[in-house]
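Let me begin by presenting the structure, written as structure tokens, before commenting on it.
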Amino acid sequence: MNFYKVPLLAILIMLSCSKKEKVVVIDSGNTHPNLILTTKSVSEIKSKLGTIPVFDETLKEAKEAVDAEIEKGIDVPIPKDMAGGYTHTQHKLNYATMQKAGVLFQLLGDEKYAIYIRDMLLEYAEMFPTLPRHPQERSYSRGKLFWQCLNDSNWLTFTSQAYDCIYSWLPKEQSDYLNKTLFRPYADFLSVETPQFFNRVHNHSTWGNVAVGMIGLVMDDEVLIERALYGLKKDDVDLSAKDNDGGFIFDKDGKAGFLANVDSPFSPDGFYTEGPYYQRYAMYPFLIFAEALENKKPELKIFEYKDGVLIKAVDALLNLTDADGEFFPLNDGQKGMSYYTASLVSAVDIAYHYGSQKPELLSVAKKQNKVQLDATGLSVAVGLKENKEKPFIKKSMELRDGSKGDEGGVGILRYQKEDETLALVMKYTGQGLSHGHYDKLSFSFYENGDEVLQDYGLSRFVNVEQKNGGGYLKENKSFAKHTIAHNTIVQNEISHFNYDFATGSLNHSDKYLFDVSDANFQIVSATEENAYPGTKLHRTMIMVKDEDLEKPFIIDVNKVESNKKNNYDLPFYYFGQIISTSFDFDSPKTLETLGDKYGYQHVWKEGSGAANAKSIQFTWLDNRRFYSITSATNPKDEVILARIGANDPEYNLRKDPSIIIRKKDTKNTVYASIIESHGSYDAVVEVANNAYSNFSDIKILSDDVKYSSFSIHFKDGKEKMLILSNIDNDKNKEHSITINGKNYAWSGSYYYK
């Protein structure tokens, strides 16, 4: 530290707290820590150290990491870089290290950790008053230490915990100095000075609310606590401006603040409207602040708020993962993010401790193999030591979207037999705020944790500085968010809602049917009537386990009704290599794009041909498994083999392939397909097993407003009839229709026999 730059008061304080002078920590119920750690939990944890393996190992790893940073010395650079750059990474490392050091000070009693935090905070207190907003002008809410206030809020959220751990150790003169010079100004900066960031319903604002609330709790500043919980008041700042891409986005009642961010984005089932990737990111501030409030303001009963939705949200989020624990990339989502991330370690521990201590959560914690270093982590560690865990079995389920659960949702159909798993995810949600994609009634399909038919996810290399400073790439808006990037219907090469955020935000799809009561016939069905004015889309997806087949197959029906003729595209984004096609196609010598806007400008047309049949088949190989799509077609339908990557000079997009079924100049139509996994290829013995589809074709027998019927033909000669009731989903309703001279009668919304 350069003492010539430190204010006189700070020098006196540092001298009074030198390493040679021991400071007595007063242990009383009114002293710090009292946020995440408390004097009571510290005492309890200390009494069990050395006997709780996963806690002890996590503590050991934290000590090794912090000791290494202390050995390197304090580094508080002048902010300069975007995400992934040196200054960004260093300030991020600083807050994480301080938070761990605070825990180590409390649990191990070694003053070197308190001294490290104190000295670093003095560096920040010296720097902060001199800082303008960050020099990188990319964000709608530029921070000071970081390029956006979001990351500054991360800093304050974690640093508040460190500060709480040394607050009673510091002389009052020093805590007063830090409160006045660093922490209260920082809280004001994130809130009243940046209202477009703070007063929103968005994951960004959740972090801002929590940052202000956490430091308010440390300083016992009721003004900051109220501001965090309920947002800015009209007399705090001018709240007249509105901007859907970074301005004030309140909930439907015009509210903001932490409680509004619990009320509005979460459905009663715990689904977070922005999608699982950002739910994962937001769960840490939601739950860490809830834990702090429970410790300091138990009268709020925060874990009972909105019928305990914060605890429900953890269960929902864990169910929004594939077999490997990776989150389904709905809306903006980076693939590979999983429940092994630190924010989910915290979430699982807090949900276990403050929930009903579900033993299923312990099995997730066991896989994570680390815990949060507080009372919640202690509870989990003790539960694991006592072998209380039970398997967390992901079941088929629907998670509703919308604050009241009436804005569509996500339907998940699952199959599991020993280690073999299949999962189909159909999305029929609301827009998902600014991170939403324009992909109503889209789906993705997984086998054993591997993507079979994919959702593209986001276009971004998070914290990779070379790629746009780690921020979103322009291709996120020009491709990834567009409808053609997803496995759903595109009309006239225009994205849903004409790619208009305001329009999309006003609308949502509607569930028509979700029924998983029969494990051999699981069905999800939803409608969308606003994506294209005058057109109704109705998608039904069914997971069928047939006694004669090794694995279940998927029946996919897209019914389209319009008041005029249109062109329709239905893409399927697969991986791997084409094995065979039942249709002929031409491959051009010179590639052209499918279109010039709405994402089509990024898709190469690598081959195309006419279906020339009433049913086509397409087989590919991926991960040494064979897959086929069998689709009912009109002979004039065009089948396009396409690949992402056009107009991408910086290679920001993945070069993934797709097959697109295009219907032209059509008013009302039905897409009907069978999607199946069948057989495998052994590269060692070079043998293909069951490499051919189990189906010969699927036929559309009839289609009108009330009913659609299909015949499914197996290769072995077996035939199944599927009839869907299109406008009456009453499970008790009696139906009777005649198809090709034969009468069919049944009760409920579908017939399959």
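The values are calculated or read from the model by the stated rules, or taken from the named source; none is laboratory data. Keep in mind that what you see is a predicted model, and the values were worked out from it rather than measured. When we count neighbours, we look across all protein chains shown, and the Cβ atoms used for this are built from the backbone with ideal geometry, even at glycine.
Return only the number of the condition from (1) within 31 Å of the chain's Cα centre (by Cα); (2) buried (at least 18 other Cβ atoms within 10 Å of the Cβ); (3) without any contact (Cβ under 8 Å) to a residue 40 or more places away in the chain that S608 does not satisfy. Result: S608 passes all but (1).
Answer yes or no as to whether L422 is modelled with pLDDT under 95 and either within 25 Å of D406 (Cβ to Cβ) or in contact with a strand residue (DSSP E or B) (Cβ under 6 Å, 6 or more places away or on another chain) (or both).
On the way: modelled with pLDDT under 95: no; either within 25 Å of D406 (Cβ to Cβ) or in contact with a strand residue (DSSP E or B) (Cβ under 6 Å, 6 or more places away or on another chain) (or both): yes.
The answer is no for L422.
The set of residues in region 112-149 being of a type in the set (G, A, S) and modelled with pLDDT of 95 or more consists of A114, A125, S141, G143.
Residues that are free of Cβ contacts under 8 Å to residues at least 24 places away in the same chain and not hydroxyl-bearing (S, T, Y), at least 3 per element: which helices (runs of 4 or more DSSP H) completely within region 41-143 meet that? If you could, list the steps in order and put the result at the bottom.
Numbers: elements: 53-72, 86-108, 111-127.
Passing ranges, in order: 53-72.
Could you list, in sequence order, all residues of region 157-186 that are surrounded by fewer than 24 Cβ atoms within 10 Å (Cβ to Cβ) and among the small types (G, A, S)? Those that are surrounded by fewer than 24 Cβ atoms within 10 Å (Cβ to Cβ) and among the small types (G, A, S): S168, S175. With respect to the stated conditions, A502 is of a type in the set (A, V, I, L, M, F, W, C) and surrounded by fewer than 22 Cβ atoms within 10 Å (Cβ to Cβ). Can you confirm whether Y86 is of a type in the set (F, W, Y), surrounded by fewer than 16 Cβ atoms within 10 Å (Cβ to Cβ) and under 19 Å from L131 (Cα atoms)? Yes, satisfied.
Looking at the structure I just gave you, is I661 surrounded by fewer than 18 Cβ atoms within 10 Å (Cβ to Cβ) and part of a strand (DSSP E or B)? No.
Go through the residues of region 354-369 one by one and say whether even a single one is under 22 Å from L104 (Cβ atoms) and in contact with a Ser or Thr (Cβ under 8 Å, 6 or more places away or on another chain). Scanning region 354-369 turns up no residue that is under 22 Å from L104 (Cβ atoms) and in contact with a Ser or Thr (Cβ under 8 Å, 6 or more places away or on another chain). Remark: K440 matches the filter, which requires a residue to be in a loop (DSSP other than H, G, I, E, B), under 20 Å from the mean Cα position of the chain (by Cα) and modelled with pLDDT of 95 or more.
Right, D716: surrounded by 15 or more Cβ atoms within 10 Å (Cβ to Cβ) and either out of contact with any helix residue (DSSP H, G or I) (no Cβ under 9 Å at 6 or more places or on another chain) or at pLDDT below 95 (or both) or not?
On the way: surrounded by 15 or more Cβ atoms within 10 Å (Cβ to Cβ): no; either out of contact with any helix residue (DSSP H, G or I) (no Cβ under 9 Å at 6 or more places or on another chain) or at pLDDT below 95 (or both): yes.
No; evaluated as a whole, the condition is false for this residue.
Before we move on, is D401 touching an Asp or Glu at 6+ places or on another chain (Cβ under 6 Å) and either surrounded by fewer than 24 Cβ atoms within 10 Å (Cβ to Cβ) or not polar (S, T, N, Q) (or both)? Step through it out loud before you land on a result.
Numbers: touching an Asp or Glu at 6+ places or on another chain (Cβ under 6 Å): yes; either surrounded by fewer than 24 Cβ atoms within 10 Å (Cβ to Cβ) or not polar (S, T, N, Q) (or both): yes.
Yes: the conditions hold for D401.
Can we say D622 is under 36 Å from the mean Cα position of the chain (by Cα), within 30 Å of Y472 (Cα to Cα), acidic (D, E) and at pLDDT 95 or above? First the steps, then the outcome.
Working: under 36 Å from the mean Cα position of the chain (by Cα): yes; within 30 Å of Y472 (Cα to Cα): yes; acidic (D, E): yes; at pLDDT 95 or above: yes.
Yes.
So which strands (runs of 3 or more DSSP E) are wholly in region 671-753 and hold at least 1 residues that are of a type in the set (F, W, Y)? Step through it out loud before you land on a result.
Working: elements: 687-689, 695-703, 707-714, 719-725, 734-739, 742-747, 750-752.
The strands (runs of 3 or more DSSP E) meeting that bar are 695-703, 707-714, 742-747, 750-752.
With a requirement of 2 or more residues that are among the aromatic types (F, W, Y), the strands (runs of 3 or more DSSP E) lying completely within region 560-646 that satisfy it span 566-573, 615-622, 625-632. If you go through region 108-128 and pick out every residue that is under 17 Å from L59 (Cβ atoms), surrounded by fewer than 22 Cβ atoms within 10 Å (Cβ to Cβ) and hydrophobic (A, V, I, L, M, F, W, C), you end up with 1.
For region 652-690, a residue qualifies if it is aliphatic (A, V, I, L, M) and within 35 Å of the chain's Cα centre (by Cα), and the qualifying residues are L653, I659, I660, I661, V670, A672, I674, I675. If you go through region 292-305 and keep only what is surrounded by fewer than 16 Cβ atoms within 10 Å (Cβ to Cβ) and either touching a Phe, Trp or Tyr at 6+ places or on another chain (Cβ under 7 Å) or not in a helix (DSSP H, G or I) (or both), you end up with K297, K301. Contact list please: Cβ distance under 9 Å, first residue in region 306-320 and closer than 10 Å to V348 by Cα, second residue modelled with pLDDT under 95, pairs at least six apart or on different chains. Final answer for the pair search is I311/S356.
Suppose we keep only residues that are modelled with pLDDT under 95 and in a loop (DSSP other than H, G, I, E, B) within region 408-419. Which one would you say is surrounded by the most Cβ atoms within 10 Å (Cβ to Cβ)?
Initially, region 408-419 is screened for residues modelled with pLDDT under 95, giving 417-419.
Narrowing further to those that are in a loop (DSSP other than H, G, I, E, B): 418-419.
Working: E418: 5, D419: 7.
Among them, the one singled out is D419.
Which one of these is surrounded by fewer than 15 Cβ atoms within 10 Å (Cβ to Cβ) and either not β-branched (V, I, T) or not assigned by TED's automatic domain parsing to the domain that holds F583 (or both): D704, D697? Give the derivation first.
Values: D697 fails: surrounded by fewer than 15 Cβ atoms within 10 Å (Cβ to Cβ).
Unique residue meeting the criteria: D704.
All conditions but one from (1) more than 29 Å from W620 (Cα to Cα); (2) modelled with pLDDT of 95 or more apply to E465; the one that does not is (2). Each residue in region 187-202 was checked for being surrounded by fewer than 24 Cβ atoms within 10 Å (Cβ to Cβ) and in a helix (DSSP H, G or I), and 4 of them qualify.
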